[in-house]
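See structure below.
Please treat every number below as a calculation from the coordinates, not as lab data. Source: prediction; values computed, not measured. Every residue, glycine among them, receives a Cβ derived from its backbone with ideal geometry; neighbour counts consider all protein chains shown.
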Amino acid sequence: MTLRHRGPAALALTLPLALLAACSTGTDAGTAGTADPAASEPAAETPTEVQSRTPRLAVTYDGGIRVLDALTLDEVADVELAGFNRLNPTGDGRHLAVSTTGGFQLLDTGTWGEGHGDHFHYFTAAPALTDVTYDAEKPGHVVVHDGVTAFFDDGTGRVQVVESTDVAAAEAEVETLALPDAHHGVAVRLSDGSTLVTVGTEDERSGVAVLDADGEQVAAYDDCPGVHGEAVAADEAVVVGCENGAVTWADGAFTPVPTPDDYARIGNQAGTEASPVVLGDYKTDPDAELERPTRVSLIDTRDASHRLVDLPASYSFRSLARGDDGEALVLTTDGDLQVIDPESGEITASIPVVDAWEEPTEWQQPRPAVTTLDGSVYVTDPAHQQVHAVDLVEEEVWLTADVGVAANEIAGVRGEPAVVPEDHGDHEDHEDHDH
């Protein structure tokens with residue numbers, strides 16, 4: 001099943017910053033495929049009801065995707081898929097979006113929960129690629145926020161927005177937002193129905209704007225050269241990176257973030273609703289073929305202030321993550337996971353995880369990558385074809401597994417919907433697993 005949208009855009013507006021927006025809503029034009037994402041198990045597999053939810057991880061490699069049990073790191077499935085594939089959570093606790101040829105194809109990780117009154121029933125099945133694809137010429141960023149998923153097509157400038165719980169449904173209502181120029185961009189649907197979008201062309205990315213639910217521009221900021229990446233913090237504040245620092249969207253206004261350097265590229269951010277502070281990278285050499293920075297940014301969205309933290313070694317764009325309690329995490333090239341207090345900027349722990357490594361020149365090549373899931377931090381180790389699970393409380397690696405491939409990207413799912421039934425929690429313990 002491929003999700004397509006019929007007919008011309010319903011609304012076209014001339015906007016500042018040469019931003020032209022168009023909105024439409026529709027349902028899937030496909031016929032075959034799964035209808036209910038809570039019942040979209042692979043057709044050849046009868047689901048098995050299990051006692052509790054089963055979080056799973058997926059790692060990409062040259063030739064496919066390995067799915068692992070997040071608690072044991074045992075292999076659950078090996079899904080063959082040629083090409084350079086990228087992974088993004090979709091927000092439904094079950095599927096991952098695989099950026100591949102033709103669009104965002106959904107991978108069913110085979111773990112989910114179905115609401116039943118005030119509780120869930122949990123199921124597992126064999127992971128498999130589904131026939132659900134969100135068309136895109138150049139699939140780019142996928143952003144999940146407030147129960148809504150936004151897919152950005154770098155090749156057309158089109159954004160597709162869908163309720164996260166319906167992301168795999170055959171009759172999902174998908175809203176489209178067409179920007180005037182294709183560019184490597186990002187979109188964030190906010191809780192009031194407005195959408196934050198980047199502004200740019202294939203040659204130059206210059207700013208960011210907010211469109212209301214009718215597609216009309218309500219705010220814009222045009223001094224964000226090289227705009228790239230986003231992160232949502234506490235109180236729905238958003239940070240977007242620029243080559244002259246960053247800009248925040250908070251309390252209905254854009255505010256630039258001052259930095260000590262004229263050229264200060266913050267292109268990758270990690271945020272969490274558990275903290276008002278966003279973690280970002282920090283590069284200062286505009287002429288570097290590959291800059292290996294040794295400082296990271298901490299951006300406080302409460303006042304748009306900026307703090308730099310010196311690290312004992314460099315890092316890469318796949319090194320940044322956030323802990324469940326808001327900790328800022330950076331895997332540095334000395335092999336240690338640096339745990340940073342986002343309020344003070346203090347490195348509170350340096351946890352040895354992998355051997356010392358060097359960032360490869362080509363960004364597509366594997367290097368250690370970090371993600372967090374269910375109270376653990378997971379780190380890929382492509383040099384040794386391993387994945388490590390780290391406990392931030394005990395400050396140690398609690399599990400290591402040989403995965404047999406040089407893992408590139410990593411993402412995880414919790415095995416239950418992001419939106420839980422009311423009064424849920426008394427029926428069964430759903431606290432993060434204690435390792």
Cα centroids of the range 89-131 and the range 221-236: how far apart, whole angstrom? 29 Å
If Asp153, Asp69, Asp251 are placed from fewest to most neighbouring beta carbons inside 10 Å, the sequence is Asp251, Asp69, Asp153
Pull out the extension gain between Glu394 and Gln51, defined as 0.36 nm times the separation in residues minus the alpha carbon to alpha carbon distance; nm, one decimal. 120.7 nm
Ordering 215-224, 366-375, 87-96, 340-349 by per-residue average of other C-beta atoms within 10 angstrom, highest first, gives 87-96, 366-375, 215-224, 340-349
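With a 10 Å radius around each residue's Cβ, average the other Cβ atoms per peptide and rank 262-275, 117-130, 391-404, highest first. Mind dumping the intermediate values first?
Working: 262-275: 20.4, 117-130: 18.1, 391-404: 14.9.
Ranked from most to least packed, the peptides come out as 262-275, 117-130, 391-404.
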How long is the chain along each principal axis, judged by its Cα atoms, biggest number first, in Å? 57, 55, 43
Principal axes first, then extents: for the Cα atoms of the range 193-279, list largest minus smallest coordinate on each axis, whole Å, largest first. 37, 35, 18
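Taking square-rooted eigenvalues a ≥ b ≥ c of the alpha carbon gyration tensor, is the range 297-348 rounded, prolate or oblate, where a/c under 1.5 means rounded and, failing that, a/b exceeding b/c means prolate?
On the way: a/c = 1.88, a/b = 1.62, b/c = 1.16.
Prolate shape, in that a/c is at least 1.5 and a/b is the bigger ratio.
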Charge tally for neighbours of Asp287 with beta carbon under 15 Å away, counting Lys, Arg as +1 and Asp, Glu as -1, is -3
In a shell of Cβ-Cβ distance under 10 Å around Ala182, excluding Ala182 itself, what net charge do Lys and Arg (+1) and Asp and Glu (-1) give? -3
Can you sort Phe151, Phe84 by how many other beta carbons sit within 10 Å, fewest first? Phe84, Phe151
May I ask you to derive the FRET efficiency for Arg302 and Gln365 from their Cβ-Cβ distance with R0 = 35 Å, giving the value to the nearest 0.05? 0.40
The size of the Cβ-based charge dipole (Lys, Arg +1; Asp, Glu -1) of the chain about the Cα centre, to the nearest 20 debye, is 1220 debye
Less than 12 Å Cβ to Cβ from Trp357, Lys/Arg counted +1 and Asp/Glu -1: what total charge do the surrounding residues give? -3
